[in-house]
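Below is one structure; the comments refer to it alone.
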Amino acid sequence: MGTPILSVKNLVVSFRTSAGLVRAADGVSFDVARGETLGIVGESGCGKSVTALSIMRLLDSPGAVEGGEVFYGGGGGGAVAVNILKLPMAEMRRIRGNKIAMIFQEPMTSLNPVLTVGTQISEVLRLHEGLGKKEALDKAVEMLSKVHIPMPEKRIRAYPHQMSGGMRQRVMIAMALCCKPDVLICDEPTTALDVTIQAQILSLIEEMKRSTGAAVIMITHDLGVISEIADRVAVMYAGRVVEEGPTADVLLDPLHPYTEGLLNAVPRVDRDVEELEVIPGSVPNLASLPEGCAFRPRCRHATEACRTAPEKTLREGREDAARSVNCWKHAEKV
């Protein structure tokens, strides 16, 4: 991995609820470099989307970032990284959608239903690129063509409800990439799409990444998507990154019992089994996490050390292929 263009360090995000303080992200850390795709995978509620919204500073009340840093920049060329969590909101607005862009999970709720897609794409260009109205619309047509939307001159006048789910997702990609961002965050971009359209969207994101050199953060619960597109993967559970490393290494040789459980639950053509394995129990209530390792009540390798002592971190392999895992099972290798 090269010099990080985005570096998240010990991010803590909490929600104050009637049940108590809920830590949706608890010390999340990861780096992503230009031209690299980092996959973030985990069950629903593990903190993936909250982490992304916190990076974009789009977190709504009662959620709040209570700790940590998010450094953007410093990816070469003498640029100095800045902690975007400390920037004035006016300056953050110049970065958001321009240098750091995000593709949301459901385009129908992210696109404005009363504005044409051309108007919405051109607004981004006029705001961040300073283009005139006609120039921005011409650029919007060009972007729709780049994301393989047929007849872009006609589609530019269409409203979101007049387009299919796959087309709307392409519009979101065009909008996110029109300013050539350094970082593209994709939050479940293929959810609710059929497998054919899903493959097209993933191929399009990969194509756009190669042409712009952007760093990509792919958030998903689908290990198939991760294996297809990610260079490295971070596995999240109960608000924490429990394992991280090169995608092939993590998927072929999982170190954390949770990662192992996720992989064993995936249907595979090379295994003849009557029933898929399941991870026993359920995700713990974030307002009352168990002592020690949050995965302990569901883990078949759990020992007393998992209850009474903090998790350990293991790093192994070459410097450019380092892996980390938060698990007592591997503590003796540290």
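The values are calculated or read from the model by the stated rules, or taken from the named source; none is laboratory data. The structure displayed is predicted, hence computed values, not measured ones. Note that we place each Cβ from the backbone using ideal geometry, even for glycine, and neighbour counts take in every protein chain shown.
Would a scan of segment 155-169 turn up a residue that is of a type in the set (S, T, N, Q), assigned to a loop (DSSP other than H, G, I, E, B) and modelled with pLDDT under 90? Yes - at least one qualifying residue is present in segment 155-169.
Within the option set A199, A174, being surrounded by fewer than 21 Cβ atoms within 10 Å (Cβ to Cβ) and over 15 Å from the mean Cα position of the chain (by Cα) holds for one residue only, A199. Looking across segment 64-80 at every residue that is touching a Leu at 6+ places or on another chain (Cβ under 9 Å) and either modelled with pLDDT under 90 or among the hydroxyl-bearing types (S, T, Y) (or both), the one that is surrounded by the fewest Cβ atoms within 10 Å (Cβ to Cβ) is identified as G73. Residues of segment 256-288 that are at pLDDT below 90 and closer than 21 Å to G47 by Cβ: A265, I279, G281, S282, V283, P284, N285, L286, A287, S288. Listed by first and then second residue, the pairs linking a residue in segment 289-311 that is at pLDDT 85 or above to a residue that is buried (at least 16 other Cβ atoms within 10 Å of the Cβ) and among the acidic types (D, E), with Cβ atoms under 8 Å apart and 6 or more places separating them unless they lie on different chains, are G292/E311; C293/E311. Cβ separations smaller than 8 Å between residues 6+ apart or across chains give the following pairs from segment 259-282 residues that are more than 19 Å from C299 (Cα to Cα) to residues that are surrounded by 10 or more Cβ atoms within 10 Å (Cβ to Cβ): P267/L276.
Summed over segment 227-261, residues that are part of a helix (DSSP H, G or I) and either in contact with a Phe, Trp or Tyr (Cβ under 7 Å, 6 or more places away or on another chain) or farther than 25 Å from I205 by Cα (or both) total 5. Scanning segment 100-122 for residues that are in contact (Cβ under 8 Å) with a residue 12 or more places away in the chain, out of contact with any strand residue (DSSP E or B) (no Cβ under 7 Å at 6 or more places or on another chain) and surrounded by 17 or more Cβ atoms within 10 Å (Cβ to Cβ) turns up P107, S110, L111, T116, V117, G118, Q120, I121, S122.
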